[in-house]
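Report on the structure given below.
The values are calculated or read from the model by the stated rules, or taken from the named source; none is laboratory data. All of these numbers come straight from a predicted model, not from anything done at the bench. Counting neighbours? That spans all protein chains shown, and the Cβs are built from the backbone with ideal geometry, glycine included.
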Amino acid sequence: MTDATNLLVTGGCGFIGANFIRYLLDETPFAGRIINVDKLTYAANPLSLADVAERHGGRYVFVKADVADRVAMARVFDEYVVDTICHFAAESHVDRSIVRPDDFIQANILGTYTLLQLARERLPQIRRFHHVSTDEVFGSLGAEGFFTEETPYRPNSPYSASKASSDHLARAYHVTYGLPVTISNCSNNYGPYQFPEKLIPLIILNALEGKTLPVYGDGKNVRDWLYVHDHCMAIWRIMQAGHVGETYNIGGRNELENITVVQNICDLVDELSAPLSDRKARRKLITFVKDRPGHDRRYAMDCTKMERELGWRPTESFATGLCQTVEWYLAHPQWVAQIHSGEYLRWVAEHYGSGLTSVSTAYNS
């Protein structure tokens, strides 16, 4: 791909998007401009990028908009002469998709369609449209084997079905209209700036506060864990050197049961922070809760294609990545305080009723 001049990043105030913007501006030779479009729903946090505009001047622009709003997005494409798109924006919490799938259809399917159509209408100006997806589109694995780029799609939740739909749309726009699309499917991300509805930050923050540590079912659901910085490097590598029309799996090669992840976090928090008032080990806070409907048993990614064709490999082990993650949350109390300000719970109550009412009782893995 020719170097991007005006790169549209959707969902850039979310977890992976914010880390990707920081990576590009702080660690790569990227010399263009980033236009960050985010609707600023509950899981987006402008504080995650508070210093970026100041440090990078006109090379970073923020626009509050909904990617499913065709008029607003057309204005962005034209005003900033967008030539490259990296599409993160999505509703991504499985539990929420079970309670209220409407938002997932709107954001993940209609939002992706709107972007693809606007990009198609601006060919040949568009150099690359990279669509970021998930391993959950493949469904659940047995005890052995891995998801590959050829694994058939078998989504088991409204969330994963909506992402599968958006993947198919992106691929179809390449085949039918010649849009220069690439797609990546990643395993579970973790790291700085992750909203605490996801397993790792939820457990870290609850452990720090001495709260219950909820674990679904028997805790033996297996996930492949990918440190977010490694994911950002992989995405940029695909955008720079990946073949148009291709899909790439991005995994961390770190398969662990959820209960093992939670236990490791407990031990790290015990080691790195003040002890609980009763001096008990934080493993004592672990509580098994009713499993969620359709909870996939195991995900594992074969990222051989990334390694062989693009020379990318994850740099962090789970041990090193988790230690950096715990240390980050300990060092950023202002960011954490904003999450617990009450605005989150008010938003959930307004949009989801009583189905989900606390960051302490619902997580996604």
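Results, tabulated for the structure shown:
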read-out: Helices (runs of 4 or more DSSP H) completely within the stretch 230-348 that count 1 or more residues being small (Gly, Ala, Ser) and surrounded by fewer than 20 Cβ atoms within 10 Å (Cβ to Cβ); value: 318-331, 333-339
read-out: Checking PHE77 against (1) buried (at least 17 other Cβ atoms within 10 Å of the Cβ); (2) under 18 Å from the mean Cα position of the chain (by Cα), the condition it does not meet; value: (2)
read-out: Some residue of the stretch 28-38 being on the phi < 0 side of the Ramachandran plot, surrounded by fewer than 18 Cβ atoms within 10 Å (Cβ to Cβ) and part of a helix (DSSP H, G or I); value: no
read-out: Qualifying residue in the stretch 256-279 (condition: on the phi > 0 side of the Ramachandran plot, more than 21 Å from the chain's Cα centre (by Cα) and modelled with pLDDT under 95); value: yes
read-out: Filter result for GLU144 (modelled with pLDDT under 95 and under 17 Å from the mean Cα position of the chain (by Cα)); value: no
read-out: Residue pairs meeting the criteria (Cβ under 8 Å; at least 6 apart or on separate chains; first among the small types (Gly, Ala, Ser), in the stretch 205-223; second at pLDDT below 95 and part of a loop (DSSP other than H, G, I, E, B)); value: GLY210/LEU276; GLY210/SER277; GLY217/LYS290; GLY217/ASP291; GLY217/HIS295
read-out: Evaluation of VAL289 against (1) modelled with pLDDT under 95; (2) within 20 Å of the chain's Cα centre (by Cα); (3) among the β-branched types (Val, Ile, Thr) (one fails), failing number; value: (2)
read-out: Some residue of the stretch 64-74 being in a loop (DSSP other than H, G, I, E, B), aliphatic (A, V, I, L, M) and either in contact (Cβ under 8 Å) with a residue 40 or more places away in the chain or surrounded by 20 or more Cβ atoms within 10 Å (Cβ to Cβ) (or both); value: yes
read-out: Unique match (being surrounded by 16 or more Cβ atoms within 10 Å (Cβ to Cβ), among the aliphatic types (A, V, I, L, M) and more than 27 Å from VAL244 (Cβ to Cβ)) among ALA44, ALA4; value: ALA44
read-out: Selected residue (only one of ASP135, ASP167 is under 19 Å from the mean Cα position of the chain (by Cα), modelled with pLDDT under 95 and either surrounded by 19 or more Cβ atoms within 10 Å (Cβ to Cβ) or among the aliphatic types (A, V, I, L, M) (or both)); value: ASP135
read-out: Answer residue from the stretch 196-220, given it is in a loop (DSSP other than H, G, I, E, B) and small (Gly, Ala, Ser) and is nearest to LYS284 (Cα to Cα) among those; value: GLY210
read-out: Filter result for TYR113 (out of contact with any strand residue (DSSP E or B) (no Cβ under 7 Å at 6 or more places or on another chain), modelled with pLDDT of 95 or more, part of a loop (DSSP other than H, G, I, E, B) and surrounded by fewer than 21 Cβ atoms within 10 Å (Cβ to Cβ)); value: no
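One line per residue, one yes/no per condition, for (1) more than 27 Å from GLY14 (Cα to Cα); (2) of a type in the set (Lys, Arg); (3) part of a loop (DSSP other than H, G, I, E, B):
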residue	(1), (2), (3)
LEU118	no, no, no
ARG122	no, yes, yes
SER140	no, no, yes
GLU150	yes, no, yes
ARG154	no, yes, yes
SER165	no, no, no
